[in-house]
1. Looking at (1) more than 30 Å from residue 274 (Cα to Cα); (2) in contact with a helix residue (DSSP H, G or I) (Cβ under 8 Å, 6 or more places away or on another chain); (3) modelled with pLDDT of 85 or more, which is the only condition residue 92 fails?
2. I'm checking my understanding of the structure. Among residues of the range 222-267 that are touching a residue at least 40 places away in the same chain (Cβ under 8 Å) and outside any helix (DSSP H, G or I), which one is farthest from residue 74 (Cα to Cα)?
3. Out of 67, 111, which single residue is over 26 Å from the mean Cα position of the chain (by Cα) and more than 30 Å from residue 230 (Cβ to Cβ)?
4. Name every residue in the range 30-62 that is in a helix (DSSP H, G or I), free of Cβ contacts under 8 Å to residues at least 60 places away in the same chain and under 25 Å from residue 148 (Cα atoms), in order of residue number.
5. What's the number of the only condition in (1) more than 31 Å from the chain's Cα centre (by Cα); (2) modelled with pLDDT of 90 or more that residue 34 fails to meet?
6. Condition (residue is part of a helix (DSSP H, G or I), under 27 Å from residue 247 (Cβ atoms), under 29 Å from the mean Cα position of the chain (by Cα) and modelled with pLDDT under 85) applied to the range 121-142: is it met by at least one residue?
């Protein structure tokens, strides 16, 4: 599972970069195409909201970016929490299936033919299907497909809304990179990664070490060359992610764990596979064969002698 987790992590981060650059169609100079669907339905309305807050409430563009980011994140928060809840339920159930999964994996290692390998793999899938558990721990594509265009729209809104490039926030120009904002963003996502490890087994923590390092580094890398207005969006997103992760891992997870334990106690997992017994005898060494044959011959000679004496 650790290799699978690393694959999901790597593909997820790579997908993030593709999404931020691909959800919104861009021109040759990198500016968004106004005819694009994401631009018309997300980027433009969000940009108009920022401009409205600045013009009607006399806010700075920095505070407007913060407000719009928080509003959007609050709106999609239930979706993220619901997905996290499903994932945690599946993950907790998988802990109860681990003994059978270990048996299936052991059977796969002992398999000597293609048929035996296919049977062991089928048994692995059957363990999950018979117990109504997803092999991927409740990871769903739909919530990600819904959220990522929104995150992409926020990114482009913070980058290309008119007025942001020429404004300042606490003395920092939002149109130029800011190492201070980059550091805060990195710390925020580092904290989010740490919170995500609270209450999980040590084995899972080991598989998450890569995420704890790579995710903040990726955010820092993307923010180094980005205007401070965009990095401010990353900062707010990181802080909000910390809050969301605290809700799911610290508040919700203990309750979900107790709920799954009670459910599994009342309805234990179905036993699908059993340890594979090797019926094929091990090949004896030539010397052992000679000794065995000699013993049989001696034994038969003694029996023959006894019969003759009789």
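The values are calculated or read from the model by the stated rules, or taken from the named source; none is laboratory data. What you are looking at is a predicted structure, and each value in this text was computed from that prediction instead of being measured. Neighbour counts are summed over all protein chains in view; Cβ atoms, including those assigned to glycine, are modelled from backbone coordinates with ideal geometry.
1. Of the numbered conditions (1) more than 30 Å from residue 274 (Cα to Cα); (2) in contact with a helix residue (DSSP H, G or I) (Cβ under 8 Å, 6 or more places away or on another chain); (3) modelled with pLDDT of 85 or more, the odd one out for residue 92 is (1).
2. 225
3. Criteria check complete, one pass: 111.
4. Listed by number, the residues that qualify are 37, 40, 41, 44, 45, 48, 49, 52, 53.
5. Among (1) more than 31 Å from the chain's Cα centre (by Cα); (2) modelled with pLDDT of 90 or more, residue 34 violates only (2).
6. Yes: the range 121-142 contains one or more residues that are part of a helix (DSSP H, G or I), under 27 Å from residue 247 (Cβ atoms), under 29 Å from the mean Cα position of the chain (by Cα) and modelled with pLDDT under 85.
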